[in-house]
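Only the coordinates and a few stated rules stand behind these numbers; no lab work does. Predicted model only: the values in this text are computed from it and were never measured. Here the Cβ is made from the backbone with ideal geometry for all residues, glycine too, and neighbour counts use every protein chain on show.
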């Protein structure tokens, strides 16, 4: 039986409005080389100036991942030559990173250790077109954090959950959009297999930009490594790419070609000093994290864990829920409507995450209040909500349109009376001792009233009339 | 000789217009530059435009800065927007920056008149200006000898009266040494006193913009105008507002001056004599002068070269022909293009230092060379802190020798490094230092006296330099260039 060992290096683009060392915009897209200046293009004589917001975002990320924060950390130069790297070195952090020693907790309780998180600058983008190489430096200088995990991941499922969790947390605290398809979150996957207690030789699969591909690549690579070992050879420590079309990993370069980055302290920047009180201020500015919210929802609001999990998954959903549930007697009803009706209406995960609705939390709240006050029954409330989502009209407006504010006492009485007269057989069954027969009569009244009546009231009225 | 205040006065009184003054300098440059090779580019149009603006302001009685209309030059590694900035290297042939260096911006707004960009050792690597792709600059006192380097062109021009003052750069002595060789004042302030933004980097933790002028007063005036915090340079000092000009005339009686034996011992006989005479002059002015020993000073040189080359190898990585500068045309791949561009367009000295720098940072050698050099650097800084608790300033020769003969240094590779012996420690420790002329050797070549101060003690060392200059006089060439 082979065991898998895997660790991830995840690059996350920080959504500061300007780049890490200059004031150019970090906005995605745009005409090539339109978000550039002498600094981020590395023109001769230019110098970097550290964007404090980027550091703040990185500390937020570290705190959200339970890391310790260094009071002093340093920037270093990582030297290598590549066309997308304007200065022929990347300003990064080598031996003293900003954050260290954290963890991500998976749903089963297993903790994936976070070795370190450091800040660095992104490189530009190479575009191959008509046999030419074009270079767009818009992305050069965008702030990144690199999150390095311990090799604690031991299955594809854990890997998927780890990446999902990272993504969720980074989006939750507002430091990154983590749009993998846009490249604002990229993973390098280290993976090895072993049939013994000693770790096998690991390979690195670079630049994975979708969770689906990560899973496919890991599955393929684990199998490939096992085949190599079973055939009597040794797994080579190498850097691999993943070809989506074929579903296979392929070699990019071997250990012999490994770059010597000649790291040294960046002389153009000062050490990064963060006091304990700075860290505390940043900690205070963090929103309530999902696992805390989950606990609160299950205790304070007494929601079921399954439902609570769905609500805390996306911050906008949670916010909407909390605002709608304020001052409502049964928050569970609010939760039901969100999970049962609104989620069904939105269908996709992306839309759920955006939670861009035509109604406000107050609108949902007033609908639930109507339900609690008996002004409308559960089914009607459900269909009303669906209409609210489509039209943007609030409950009052729709109910007025449909005259759904219930049925008058007199109408109820006459409707029940006429139902009794037109269903003598059922009445006979009931009077004969079949108590359950009353429900058949209730059903008829409900149908006749087009659902306007309240089922309990109908039952009471019928029993009264049949005394 | 100090000229700024006098020229400013003449301009105010309308004894001469800025345009006329500019014309005088440009004519002198046209006549004398071919033999001296101080200027690699003369910026006539820009000079007249600036002079014109200065004249207009003067005409309407608008208060003009002391530096308005005063002709000057910039070493060719200081970025000038839309004007060639080549570092005297083939690889930056035709490169025109799209922005101005901060130091130039600060002078430009005061209507300084830029006469042109001056010659330098390629990428500031050298001590003769001969590694320039344009050839070496000559010493105006005797053109068989070099102007020094790497700011050779700037120092030559100032000494030959082809500019009133200049801005150069000093990484291991590149402003002080050519000033010493050419017989003018060369001043390197504390690292961080002047913004480096726009100075094309050689060694980031050592590079400093420096001032070259005919006298100490002029030096102080220019320094005060360009110094101070720049948000574009994270290593520039905040809360720094020097008033060195107003402190030049302070009484220096009682100042304690130390002379490190190690540098005196390494100097040529005539240089030693001149420096010891200067020491006596300071004593006569009421200072306490004392010899002492600081053996680690000698070790600064090899440690400096390790760090300088390491940083240079990294700073020069960006010259790959992709975004600016020269790009070789015939290539098979992008990698090939980059290699070819660098191989064909960097000079030998630059290549040597890049290779050395790459080596000392590489896997397996980092600890032995780079880390060790940095550790030594920290030690030297601490030692200097102690030294400056005892002394107000140190005096040394600027260079152990006077100017080399042209092409002499090319043959003596290791010797060229040794020339920086006395100037390197100030860069290594980030301290301010100034070179002032203190005599001439039997060949008629100037001898430079160096005064080193503690961190941010620019006012103190310029004060000492000014008093010495007052007592001793200067050695400027009276019969060349623009005569006042």
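With Rg and the Kirkwood Rh both taken from Cα atoms, where does Rg over Rh land for chain A? Intermediate values should be presented prior to the final figure.
Working: Rg = 30.3 Å, Rh = 26.6 Å.
Rounded to two decimals, Rg/Rh equals 1.14.
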On Cα atoms only, tilt of A:211-230 relative to the major axis of chain A in degrees: 60
Using a 7 Å offset from the Cα along the Cα-to-Cβ direction at both residue B:81 and residue B:418, what is the distance between the two label points in nm, to one decimal? 4.8
If you average 1/r across every pair of different Cα atoms in region B:9-147 and take the reciprocal, what Kirkwood value do you get, in Å? 15.8
Ratio Rg/Rh [Cα only; Rh per Kirkwood] for region A:332-397: 0.95
Run the quick spin-label model on residue A:347 and residue B:351: label points 7 Å from Cα toward the beta carbon, then report their separation in nm to one decimal. 6.6
To the nearest 10 degrees, the tilt of helix A:156-172 (Cα long axis) against the first principal axis of the alpha carbons of chain A is 80
Taking the Cβ-Cβ separation of residue A:396 and residue A:237 as r and a Förster radius of 60 Å, what is the calculated FRET efficiency to the nearest 0.05? 0.30
Calculate the FRET efficiency for residue A:195 and residue A:447 from the Cβ-Cβ distance with a Förster distance of 56 Å, rounded to the nearest 0.05. 0.25
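Normalised radius of gyration for region A:152-207, please: alpha carbon Rg relative to 2.2 N^0.38 Å, two decimal places.
Values: Rg = 13.9 Å, N = 56, 2.2 N^0.38 = 10.2 Å.
Scaled against compact globular proteins, the figure is 1.37.
Using a 10 Å cut-off around each Cβ, can you sort B:387, B:113, A:55 from fewest to most neighbouring Cβ atoms? Don't skip to the end; give the middle numbers.
Numbers: B:387 18, B:113 31, A:55 21.
Arranged by neighbour count, lowest to highest, B:387, B:113, A:55 become B:387, A:55, B:113.
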Once both axes come from the Cα atoms, what is the angle between helix A:276-285 and the longest principal axis of chain A, in degrees from 0 to 90, rounded to 10? 40
Provide the convex hull volume over Cα atoms per residue for region B:128-185, in Å³. 70
Sort A:384-391, A:81-88 by packing, meaning the average of other beta carbons within 10 Å per residue, with the highest value first. A:81-88, A:384-391
With no solvent and one point per C-alpha, what does the Debye sum give as log10 I(q)/I(0) for region A:116-177 at q = 0.13, 0.16, 0.17, 0.21 Å⁻¹? -0.56, -0.75, -0.80, -0.93
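Mind checking the mean number of beta-carbon atoms from other chains within 10 Å of the Cβ atoms in B:333-340?
2
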Quickly work out the residue A:288-to-residue B:472 label distance, labels modelled 7 Å from Cα along the C-beta direction, and quote it in nm with one decimal. 7.6
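Which value results for Rg/Rh of the protein assembly as shown when Rg is the Cα radius of gyration and Rh the Kirkwood radius based on the inverse mean 1/r?
On the way: Rg = 38.5 Å, Rh = 33.0 Å.
Radius of gyration over Kirkwood radius for the protein assembly as shown works out to 1.17.
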Please give the average number of partner chain Cβ atoms lying within 10 Å of the Cβ of each residue in B:317-329, rounded to a whole number. 4
Regarding region A:93-231, what is the average projected area of its C-alpha convex hull, in nm²? 11.2
Taking the mean number of other Cβ atoms within 10 Å as a proxy for protection, how do you rank A:228-240, B:48-60 from highest to lowest? B:48-60, A:228-240
What value in Å³ per residue do you get for the convex hull of the alpha-carbon atoms in region B:243-367? 205
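With the Cα gyration tensor of region B:420-468 giving a ≥ b ≥ c as the square roots of its eigenvalues, does the rule (a/c under 1.5 for rounded; else a/b larger than b/c for prolate; else oblate) give rounded, prolate or oblate? Spell out each step's value before the answer.
Numbers: a/c = 4.94, a/b = 1.47, b/c = 3.35.
Oblate.
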Computed D for region A:209-323, Stokes-Einstein, Kirkwood radius over alpha-carbon pairs, 10 °C, 1.306 mPa s, to the nearest µm² per second, is 79
Alpha carbon centre of region B:420-444 versus region A:141-213: separation in Å? 56
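Across peptide B:200-213, how many C-beta atoms of other chains are within 10 Å of each residue C-beta, on average? Walk me through the numbers on the way to the answer.
On the way: counts 4, 6, 0, 1, 6, 4, 1, 1, 0, 0, 0, 0, 0, 0.
Going residue by residue through B:200-213 and averaging, the value is 2.
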Quick numbers on chain B, Rg and Dmax over C-alpha atoms in Å, give 21.2, 71
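Figure the gain on full extension for residue B:484 and residue B:250 (residue separation times 0.36 nm, minus the Cα-Cα span) and round it to one decimal in nm. Don't skip to the answer; put the middle values down first.
On the way: separation 234, 0.36 × 234 = 84.24 nm, distance 2.78 nm.
Full-extension gain reported as 81.5 nm.
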Specify whether the C-alpha gyration tensor of region A:308-467 places it in the rounded, prolate or oblate class, a ≥ b ≥ c being the square roots of the eigenvalues: rounded for a/c under 1.5, otherwise prolate if a/b is larger than b/c and oblate if not. prolate
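Given that compact globular proteins tend to follow 2.2 N^0.38 Å, what is the ratio of the alpha-carbon Rg of region A:34-96 to that value? Mind dumping the intermediate values first?
Numbers: Rg = 14.2 Å, N = 63, 2.2 N^0.38 = 10.6 Å.
Against the empirical 2.2 N^0.38 Å value, I get 1.34 for region A:34-96.
Calculated FRET efficiency, residue A:418 and residue A:379, Cβ-Cβ r, R0 25 Å, to nearest 0.05? The partial results should precede the final answer.
Details: r = 23 Å, r/R0 = 0.90.
Efficiency, rounded to the nearest 0.05: 0.65.
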